[in-house]
Amino acid sequence: MAVDLLLDKAREYIPEERLRVISEAYAFAESAHHGQVRLSGEAFIEHPVQTALFLADLRLDASALAAALLHDVVEDCDVQSEDLEKRFGPEISKLVDGVTKLTQTELVSSDQSQDLRSSTTDSPSQAATLRKMLMAMAEDIRVVLIKLADRLHNMRTLDAQPEDRRIAIAQETLDIYAPLAHRLGIWEIKWSLEDLSFQHLDPVAYRECANLINGKRAEREEYIEKVLGILRAELDRAGIAAEVTGRPKHLYSLHKKIQSYAKQSKEVGEIYDLFALRILANEVQDCYAALGVVHTLWHPLPGQFDDYIANPKDNLYQSLHTTILCEDACPVEVQVRTHDMHQVAEYGVAAHWLYKEGSTSDERFEEKMTWLRQLLEWQRDVSGAEEFVESFKTDVFQSQVFVYTPKGDLKELPAGSTPLDFAYRIHTDVGHSCIGAKVNGKLVSLHYQLQNGDTVLIMTSKTVKGPSLDWLNPNLGNIKTTSAREKIRQWFNRQERKINIERGQDLLRKQLRRLSVRPEDVEVARLMKFDSTDELFAALGNGTVSVSRLASGLASQDVGPEQVEERAVPVSTYGPASGIEVLGVGDLLTRIASCCAPIYGDEIIGYITRSRGVTVHRRTCSNIVAETEVERLVPVAWGKTQHLYPVRIQIEAYDRVGLLRDITSLVSDEGVNIASCVSEERDDVSVVTLTVYINGTDQLNLLFSKLEGVKGVTSVSRARP
């Protein structure tokens, strides 16, 4: 039985007395899931057992394994969290509750109605999932490890799902779970999730990559054995005890390599490094000695060496990386690390587990998890759901570049980051006061893209008041990370709040004059659903609330039957110019016949012309009665009626020749009918009062804006009848 295999694995590192809780959890889960079957046809209990088995490979503690066995009982069975707490205690119950909450906030649902082949990381629900994962990691990282193992088994049985669900789940896995495993340093889960997602998202490319590796297998294995033989012999001669193996590239990694080569106009056949050599030594000094042997045997390629032993990555990863020009001039990547470092590289945070039986807190582990504290800080900085998700995509889940401060501290940034991103990563105030940067002792532009190993010095000024607005211009490329961009936006929002409030106040006064209404500011704020007048003014000033939205809100409280007189006129669903609907046909050009000039209410019929659409005649028109080509006659009807409202507009302008012509021409061009026009002189100012028929506040507001653009016009407002 699978549970026996689980207990055997756990027995290797868990005390015998703690195995009992695992057996009890299995019995409880088996009873709760009794009779339940997965879409793949297997008994449901198989899923939590497989989840726990993988966590046993990571050597998680008994509580985590028990929680893995129980992680679906609250979600899928008639079991409450209180029941688990009574039976297994608060620790296991809390772990199960954390996994359940993550499952409930997952993006993928059966009624998801978006393009499933596109990225699923742009919605508020995705932000909710990420935020909950953040909090779960901060509180107890075992919750996320259980969730990753759960997702891994689900991906291995994904074939049972319908196609749309397969694509959606695979895309979410590639967008969120695989990068999360990478950031936690769990390579074993990362590459498995990537390859499984790749298989479902692009099966054609997946098969091509598999064929590429399999097609060169014999040749590659022969080459590997040749190189390994040479290297092992040299290490033995140097007295270095080390394990040397060849590691093939994973399929998704190869796919990304092919895409990279295509961008460089390289052929697939030029990809030689389909594998890497890995040297596992006993001690750190042996790693550097082995590296010396490698560089003595083969020529290292310039710029391809990284020392992650002296400067570990934030996810705990340590190794020496170099690329050499090996036998037959083939480039080969070589990784050198100790056996302990290899455990960390494969299993990440799980290799430095905080909850091993009888152990105390690992201070070094806490120090290395600085990126998690950064995530929690960014969560507070970034308010909107879309910005939060984008910060993950750019600041957390993309490829990283490692650079140094002048004091030698290592900083990790997304690939493509600039000195400004570096400045804001150091401290917000350093970013705000940045006036330049030196990289490796040389002045560089602020849009310079940082490279691995760069030493960055940020130059600041005490007189600089804050960031430049140009830094937010995406075309200039000064900022890469969302966290830095958000800090700059927040600065401008704070600094410009007063200006925005003044600007918004002016806009409101102007709009009130336009509509000739005089509500109190507090009443307008309440109408627009703002807590205070300052909030409304600021939103108007920074463009969050548009003037048209304000006009619609004000007008909805203002225009009524006691203030305006309705005038019903015909307006067509299809042909706005003529108000005619050609029955049974789509949008056709229509025009009124000049011979009989039908008006609304007349019985009409359409005549299909050869070049000018449909001409509408009265049924009694002599031309229609005498028509012999009856197949060119089509039934037509007057379109739907739309209510137009008479509105008086008062325009004040400096008097000039052609003013009245320009005003009336503009109104006509907007398709607005002028019922009357009165012009008079008042102290060298021309006052034009128009009565026009408009269909609503949107059209009225647009007309106001257009009239204000007429040369010489100083004000436009709505006059009471």
Which residue out of 294, 334 is in a helix (DSSP H, G or I), touching a Ser or Thr at 6+ places or on another chain (Cβ under 7 Å) and of a type in the set (A, V, I, L, M)? 294
Helices (runs of 4 or more DSSP H) wholly in the stretch 1-80 with at least 3 residues that are surrounded by fewer than 21 Cβ atoms within 10 Å (Cβ to Cβ), of a type outside the set (S, T, N, Q) and in contact (Cβ under 8 Å) with a residue 12 or more places away in the chain - which ones? 2-11, 16-32, 46-57
Looking at this structure, is residue 615 modelled with pLDDT of 75 or more and not assigned by TED's automatic domain parsing to the domain that holds residue 704? yes
Which condition breaks for residue 504 when tested against (1) at pLDDT below 90; (2) over 30 Å from residue 312 (Cβ atoms); (3) surrounded by fewer than 22 Cβ atoms within 10 Å (Cβ to Cβ)? (3)
Would you be able to tell me the number of residues in the stretch 433-479 that are touching a strand residue (DSSP E or B) at 6+ places or on another chain (Cβ under 8 Å), among the polar types (S, T, N, Q), part of a loop (DSSP other than H, G, I, E, B) and more than 24 Å from residue 400 (Cα to Cα)? 2
What's the number of the condition residue 168 fails, among (1) farther than 28 Å from residue 60 by Cα; (2) surrounded by fewer than 21 Cβ atoms within 10 Å (Cβ to Cβ); (3) under 23 Å from the mean Cα position of the chain (by Cα)? (2)
Any residue at all in the stretch 204-214 that's at pLDDT below 80, within 24 Å of residue 257 (Cα to Cα) and in contact with a strand residue (DSSP E or B) (Cβ under 9 Å, 6 or more places away or on another chain)? yes
Looking only at residues that are closer than 18 Å to residue 294 by Cβ and among the aliphatic types (A, V, I, L, M) in the stretch 323-344, which one is modelled with the lowest pLDDT? 329
Among the residues of the stretch 306-332, count how many are within 33 Å of the chain's Cα centre (by Cα) and within 18 Å of residue 453 (Cβ to Cβ). 11
Looking only at the stretch 421-444, filter to residues that are touching a helix residue (DSSP H, G or I) at 6+ places or on another chain (Cβ under 8 Å) and of a type in the set (Ser, Thr, Tyr); which one of those is farthest from residue 478 (Cα to Cα)? 428
All but one of (1) modelled with pLDDT of 85 or more; (2) surrounded by 14 or more Cβ atoms within 10 Å (Cβ to Cβ) hold for residue 429, so report the exception by its number. (2)
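The values are calculated or read from the model by the stated rules, or taken from the named source; none is laboratory data. All values reported here derive from a predicted model rather than from experimental measurement. All Cβ positions, glycine included, derive from the backbone under ideal geometry; neighbour counts span all protein chains shown.
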